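The values are calculated or read from the model by the stated rules, or taken from the named source; none is laboratory data. Predicted, not measured: the structure shown is a model, and the values here were computed from it. Cβ placement follows ideal geometry from the backbone for every residue including glycine, while neighbour counts extend to all protein chains displayed. Quick note on the areas: whole protein, heavy atoms, side chains included, nothing else; ligands and nucleic acids left out. Shrake-Rupley method; radii C 1.70, N 1.55, O 1.52, S 1.80 Å.
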Amino acid sequence: MKTRIFLAGLVTAFIIAACNENKRNASEVPSGDTVKTTLDPAPKTNKFNLENVPVSDKELGSFPYIVLPQGYANVSQNPISDMDKAYFWSGDHFEQPEGKVFFSRVKAEEGKVFSESELLKSLGESIASLGGVKISEGKIPADIADGIDEGNKVKYVSGYGFIGYAVTTTYLIRRSDRNIWIQMTPTDDGASIGWMILETKPQN
């Protein structure tokens with residue numbers, strides 16, 4: 001009889017201890033909301049803000065200011081528009097500045113092997129030497145790229161390159177009285193890039 005009572009008490013004590021352990025473990029596990037907050041941090045915002053771009057006072061020379069590296073040339077001498085708009089990707093939307101527009105397709109000269117990375121690196125260094133800042137580099141979603149006005153895209157087709165399908169790189173030279181936008185996108189032939197430069201009208 002005493003043995004039975006002792007065993008019953010031992011079982012009861014074991015059950016109580018197990019329950020207490022479960023309660024303690026439960027209290028140490030963060031709630032579902034806490035776990036979600038830890039795993040899902042607030043999204044980062046990279047929205048373009050013109051005011052965050054430093055102003056440059058570097059000597060520019062003559063429009064379009066950027067000189068191609070040795071061994072590369074503009075395919076054709078497209079006319080420069082004195083006043084028009086163009087679409088420049090800022091990373092999350094298109095800026096549509098208005099001003100003087102230069103555009104062309106760039107390829108390697110005879111005897112030179114085309115290198116996209118060499119060309120883009122050289123152009124980036126040239127732009128940086130004028131105080132320019134890279135504001136975006138990446139592939140533009142095709143559905144957003146399709147939002148470019150069709151007439152504008154046709155007019156500057158050699159400047160836009162394979163936009164929406166290849167990586168587009170955008171630079172900005174911010175001046176105290178105007179802005180100079182530069183955009184480069186490889187074409188679909190694997191042997192050239194399209195680029196365009198727009199200078200907004202100087203402010204008095």
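Numbers below:
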read-out: Lys201-His93 pseudo-label distance in nm [points 7 Å out on the Cα-to-Cβ vector]; value: 2.3
read-out: Under 17 Å from Lys112, Cα to Cα: aspartates and glutamates that are on another chain or at least 8 residues apart; value: Asp189
read-out: Full-stretch length increase - Lys139, Met83 - with 0.36 nm per residue and alpha-carbon distance subtracted; value: 17.4 nm
read-out: R0 of 45 Å, Cβ-Cβ distance Ala73-Asp177: FRET efficiency to nearest 0.05; value: 0.90
read-out: Alpha-carbon Rg with Dmax, taken over segment 76-149, Å; value: 14.7, 39
read-out: Filter on Lys85/Lys134; Lys107/Lys155; Lys85/Lys201; Lys47/Lys153 - keep pairs with C-alpha separation over 18 Å; value: Lys85/Lys134; Lys107/Lys155; Lys47/Lys153
read-out: Carbon plus sulfur fraction of accessible area for segment 88-190, probe 1.4 Å, in percent; value: 48
read-out: Set of aspartates and glutamates near Lys100 by C-alpha distance (under 14 Å), chain-local residues within fewer than 8 positions excluded; value: Asp82, Asp84, Glu199
